[in-house]
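Encoded as structure tokens, the structure appears first; notes follow it.
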Amino acid sequence: MPATSAITLVMPEAVDDAVAALAEFGPDGAPLAGGTWIMRAPIRGEARRSAYVGLGRIAALQAVDLDDDEIRIGAGVTHVGLVAALSDVPQCRGLVTAAAKAANPAVRQMATIGGNLAAWEFPASDLTPALLSLEAAVELRSPGGTERVSLERFLLRRRAVEPGILVSRVVIPRRPLTTGHARLPLRKAGDYPVAIVSAAASMDGHGKVDDIRLAVGSVEASARRWPGLERALLGARLDPASAQELARERSGDFAGRDSVEAPAWYRVQVLPALVRRAVEAVLASPR
Ligand SMILES: Cc1cc2nc3c(=O)[nH]c(=O)nc-3n(C[C@H](O)[C@H](O)[C@H](O)COP(=O)(O)OP(=O)(O)OC[C@H]3O[C@@H](n4cnc5c(N)ncnc54)[C@H](O)[C@@H]3O)c2cc1C
């Protein structure tokens, strides 16, 4: 039997203590949230860290606060917790669908929003495109203090985030948006969706789109907005069939990624139909 080396686990009760522990462990340590990504490290051929800082006892990371300006979600809120806290918030319909449909019931009980965003190697996150469409920001805690960055910027730099930096909250600006989330799971791909589209839009008094954000997940290595399609949809009535056609004309904006679950071309090919479904969800969403 191969020898296994001991793993250190500390369970602080305050964010500052977690940040201090992470700084002390440096590259040998990492946060442990729901553990659903970390537990599969050996299956992915990755080494485990020698130390983990468990986040499960930090009450501040479990809170969801809403006011007129923002929705602030603690990084330790699980997918199930997101559904419970935000189901009655019309602007969050797409995000709630993402949290409710991701993975399977056991994973949704454990997996956190912070862990989902911080797992940079994972391309099929449902929450990431939903949060991109809401123009969410991420709060990062380090021994130097708290920094708020847009989720878009965080996604670009998360791979290089210094050891010792903790995602503490996700912040959504409150806006009169209607939102939708469409995903394509494939039995062959296990529980991961092969492509995801999240949409958020607002209409003017004539029913024409005056603001729209579309984000695509799982098609490339990291989720991203679809600015060309957003521009094409602005100023017109939101219509599922024409959105699908405009998406088809622009599907060359995505290169796709090959994996054992699905080839790159397939992920791109299904995008227009997912755009149609996301737009249908927006139109069916409460205002
Ligand atoms: C069977 C299965 C099916 C799945 N299907 C889906 C799916 O359909 N859709 C989907 O979106 N996801 C899916 N997932 C992925 C799942 O959502 C992620 O594993 C989960 O969100 C990660 O969260 P966690 O809390 O478990 O993170 P952990 O596993 O604890 O951590 C993940 C990574 O993030 C780091 N980390 C954790 N919290 C923080 C923090 N606050 N600050 C900084 N770094 C942090 C950890 O150090 C680690 O590197 C699936 C997972 C499984 C096992």
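The values are calculated or read from the model by the stated rules, or taken from the named source; none is laboratory data. Because the structure is predicted, anything quoted here is derived from the model rather than measured. Neighbour counts run over all protein chains shown; Cβ positions are idealised from the backbone, glycine included. Surface areas here come from the heavy atoms of the whole protein model, side chains and all, with no ligands, DNA or RNA. Shrake-Rupley method; radii C 1.70, N 1.55, O 1.52, S 1.80 Å.
Summary of computed values
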{"read-out": "Pairs, first under 8 Å from Pro240 (Cα atoms) in segment 276-287, second part of a helix (DSSP H, G or I) and hydrophobic (A, V, I, L, M, F, W, C), C-beta under 8 Å, six or more apart", "value": "Arg276/Ala241; Arg276/Ala243; Arg276/Ala247; Val279/Ala243"}
{"read-out": "Count of residues meeting criterion [more than 24 Å from Thr97 (Cβ to Cβ) and free of Cβ contacts under 8 Å to residues at least 24 places away in the same chain] in segment 233-258", "value": "3"}
{"read-out": "Whichever residue in segment 109-163 is among the acidic types (Asp, Glu) and touching a Pro at 6+ places or on another chain (Cβ under 8 Å) and, among such residues, is surrounded by the most Cβ atoms within 10 Å (Cβ to Cβ)", "value": "Asp126"}
{"read-out": "Of all residues making up segment 9-41, the number that are open to solvent by less than 70 Å² (accessible area, probe 1.4 Å) and either touching a strand residue (DSSP E or B) at 6+ places or on another chain (Cβ under 9 Å) or more than 10 Å from the ligand (Cβ to nearest atom) (or both)", "value": "22"}
{"read-out": "Hits in segment 129-169 (condition: under 12 Å from the mean Cα position of the chain (by Cα) and either in a loop (DSSP other than H, G, I, E, B) or not assigned by TED's automatic domain parsing to the domain that holds Gly94 (or both))", "value": "Leu134, Glu135, Ala136"}
{"read-out": "Enumerated helices (runs of 4 or more DSSP H) restricted to segment 174-287, each holding at least 3 residues that are small (Gly, Ala, Ser)", "value": "240-249, 271-284"}
{"read-out": "Single unsatisfied condition, Val171 versus (1) β-branched (Val, Ile, Thr); (2) open to solvent by less than 40 Å² (accessible area, probe 1.4 Å); (3) out of contact with any Asp or Glu (no Cβ under 6 Å at 6 or more places or on another chain)", "value": "(3)"}
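Okay, residues lined up against (1) among the hydrophobic types (A, V, I, L, M, F, W, C); (2) over 25 Å from the mean Cα position of the chain (by Cα); (3) within 22 Å of Ser285 (Cβ to Cβ); (4) open to solvent by less than 20 Å² (accessible area, probe 1.4 Å):
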{"residue": "Ala201", "(1), (2), (3), (4)": "yes, no, yes, yes"}
{"residue": "Gly205", "(1), (2), (3), (4)": "no, yes, yes, no"}
{"residue": "Asp211", "(1), (2), (3), (4)": "no, no, yes, no"}
{"residue": "Ala215", "(1), (2), (3), (4)": "yes, no, yes, yes"}
{"residue": "Asp239", "(1), (2), (3), (4)": "no, yes, yes, no"}
{"residue": "Ala243", "(1), (2), (3), (4)": "yes, no, yes, yes"}
{"residue": "Glu261", "(1), (2), (3), (4)": "no, no, no, no"}
